[in-house]
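Asks: Sharing a structure with you now.
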Amino acid sequence: MHVQFSMRAKNAFLSSIALNVLAIVCAHYLLPARTALHFNAQGRVDRWGTHVEFIVINLFLVIATYYAIEYGAKLALKFPKFLISLPNKDYWLSPEKRPLAEQKLTDYLRYFGMFNVLYQTIILGLIVVAHQHTPVRLNAPMMAVLTLVFLLITGFWCVRLYRAFKHVTP
């Protein structure tokens, strides 16, 4: 059962990254030379740059996200036990259970990474669409709804993560 969960988590995360990279490639061809790099809360551009800057920033984000998610659990579990906040941590951080804890945490991080990368991808799409308007303007209400949905998903994910480590399996 856990092996299937692990494979689904990894495939979901890697698929979201592939989709994001595809969106970045499309943005490269769709964005003008002068591209909006930042918008204020009303959706108006407050920082311009080149589309190359835009592509490099987005590639950096997806690469950084990949490494943070893939190696986050391994890094987090290297900290001293008293710095790690985990339900039943004496059980999960015992030498015989630590590998399972690392795998479990990695799987949950991969699902969170998938949602994070999908959020980045949708924002990238909104920015491309914003460039179809004159003047360039981001759909601020859509961005607010998207961010709210992402925050709700993050909260749901936190509850699921907590519950995954709360129950001690014999």
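The values are calculated or read from the model by the stated rules, or taken from the named source; none is laboratory data. What you see is a predicted model, and the numbers here were worked out from it, not measured in a lab. Note that each Cβ is placed from the backbone with ideal geometry, even for glycine, and that neighbours are counted across all protein chains shown. Each accessible area value is taken on the protein alone, full model and side chains, heavy atoms only, with ligands, DNA and RNA left out. Shrake-Rupley method; radii C 1.70, N 1.55, O 1.52, S 1.80 Å.
Asks: Read through the list (1) under 24 Å from ARG47 (Cα atoms); (2) open to solvent by 80 Å² or more (accessible area, probe 1.4 Å); (3) part of a helix (DSSP H, G or I); (4) touching a residue at least 24 places away in the same chain (Cβ under 8 Å), then give the number of the only condition that PRO135 fails.
Replies: Evaluating PRO135 over (1) under 24 Å from ARG47 (Cα atoms); (2) open to solvent by 80 Å² or more (accessible area, probe 1.4 Å); (3) part of a helix (DSSP H, G or I); (4) touching a residue at least 24 places away in the same chain (Cβ under 8 Å) leaves (3) as the failure.
Asks: Assuming TYR66 fulfils every condition listed in (1) open to solvent by less than 60 Å² (accessible area, probe 1.4 Å); (2) of a type outside the set (A, V, I, L, M, F, W, C); (3) in contact with a Gly (Cβ under 9 Å, 6 or more places away or on another chain); (4) at pLDDT 95 or above apart from one, which condition is it?
Replies: Checking TYR66 against (1) open to solvent by less than 60 Å² (accessible area, probe 1.4 Å); (2) of a type outside the set (A, V, I, L, M, F, W, C); (3) in contact with a Gly (Cβ under 9 Å, 6 or more places away or on another chain); (4) at pLDDT 95 or above, the one that fails is (1).
Asks: Same structure, new question: Looking at this structure, is TYR162 touching a helix residue (DSSP H, G or I) at 6+ places or on another chain (Cβ under 9 Å) and of a type in the set (Ser, Thr, Tyr)?
Replies: Numbers: touching a helix residue (DSSP H, G or I) at 6+ places or on another chain (Cβ under 9 Å): no; of a type in the set (Ser, Thr, Tyr): yes.
No.
Asks: So SER6 clears everything in (1) closer than 30 Å to ASP107 by Cα; (2) open to solvent by 70 Å² or more (accessible area, probe 1.4 Å); (3) at pLDDT below 95 except one condition, right? Which one?
Replies: So the condition that SER6 fails would be (2).
Asks: May I ask you to verify whether ALA144 is part of a helix (DSSP H, G or I), modelled with pLDDT under 95, out of contact with any Ser or Thr (no Cβ under 7 Å at 6 or more places or on another chain) and not basic (Lys, Arg)?
Replies: The answer is no for ALA144.
Asks: Any residue at all in segment 25-44 that is β-branched (Val, Ile, Thr), without any contact (Cβ under 8 Å) to a residue 40 or more places away in the chain, open to solvent by 40 Å² or more (accessible area, probe 1.4 Å) and more than 13 Å from LEU124 (Cβ to Cβ)?
Replies: Checked against the condition, which is being β-branched (Val, Ile, Thr), without any contact (Cβ under 8 Å) to a residue 40 or more places away in the chain, open to solvent by 40 Å² or more (accessible area, probe 1.4 Å) and more than 13 Å from LEU124 (Cβ to Cβ), segment 25-44 yields no hits at all.
Asks: Is there a residue being surrounded by 12 or more Cβ atoms within 10 Å (Cβ to Cβ), in contact with a helix residue (DSSP H, G or I) (Cβ under 7 Å, 6 or more places away or on another chain) and assigned to a strand (DSSP E or B) anywhere in segment 81-92?
Replies: no
Asks: Out of the residues in segment 93-132 that are within 24 Å of VAL25 (Cα to Cα) and not in a helix (DSSP H, G or I), which is most open to solvent (accessible area, probe 1.4 Å)? Outline the logic, then answer.
Replies: The initial filter retains those residues of segment 93-132 that are within 24 Å of VAL25 (Cα to Cα), namely 110-132.
Okay, now just the ones that are also not in a helix (DSSP H, G or I), so 131-132.
Numbers: HIS131: 26, GLN132: 124 Å².
So, considering only residues that are within 24 Å of VAL25 (Cα to Cα) and not in a helix (DSSP H, G or I), the one most open to solvent (accessible area, probe 1.4 Å) is GLN132.
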